[in-house]
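Beneath this line is the structure, given in structure tokens, with notes to follow.
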Amino acid sequence: MKSSDVIPKEEQDHFWSVVRQCIRRFHARCASSALAKATRLRKKINGMAVEQMELFYHAEPFDVACNLAGKTLDVKDHLDEYLEIRDADPRHE
């Protein structure tokens, strides 16, 4: 994995944890295929140039989960749940 001074590994791990939790919570019907896609996407992102990788991590995990599930949801309809997931302390995941 390439190293980023802007996005440390712990933050990358938290990002993907939030993506996976969003898939399970908001896209349960297609969770197994979307979780597999998330694993493949993470490997692809890790192989990118550092600048591209850093740009990717500016996306919201909720939106990444929706893209992987192939179903766009409006974050406003799930905001409280999403913020609870996103803002949880990553040390307790």
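The values are calculated or read from the model by the stated rules, or taken from the named source; none is laboratory data. The shown structure was predicted, so the numbers you read here are calculated from the model rather than taken from an experiment. Neighbour counts run over all protein chains shown; Cβ positions are idealised from the backbone, glycine included. Side chains included, ligands, DNA and RNA excluded: accessible areas come from the protein's heavy atoms. Shrake-Rupley method; radii C 1.70, N 1.55, O 1.52, S 1.80 Å.
The table that follows gives values for the structure above.
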read-out: Values of log10 I(q)/I(0), in the order q = 0.14, 0.19 Å⁻¹, for the chain under a Debye, Cα-only, solvent-free model; value: -0.49, -0.89
read-out: 16 Å Cα cut-off, lysine pairs counted over the chain (separation 8 or more, or different chains); value: 5
read-out: Where region 1-63 is the region considered: accessible area per residue in Å², 1.4 Å probe; value: 60
read-out: Mean Cβ neighbour count within 10 Å, used as a protection proxy, ranking 23-30, 65-72, 8-15 highest first; value: 65-72, 23-30, 8-15
read-out: Chain lengthening between ASP87 and ASP63 when straightened (0.36 nm per residue, less Cα-Cα); value: 7.1 nm
read-out: THR72 paired with GLU54, simple spin-label distance in nm, labels 7 Å along Cα-to-beta-carbon; value: 2.9
read-out: Solvent-accessible area, 1.4 Å probe, carbon plus sulfur percent, for the chain; value: 51
read-out: R0 of 25 Å, Cβ-Cβ distance THR39-ASP5: FRET efficiency to nearest 0.05; value: 0.50
read-out: Solvent exposure ordering (accessible area, 1.4 Å, most first) of MET48, MET53; value: MET48, MET53
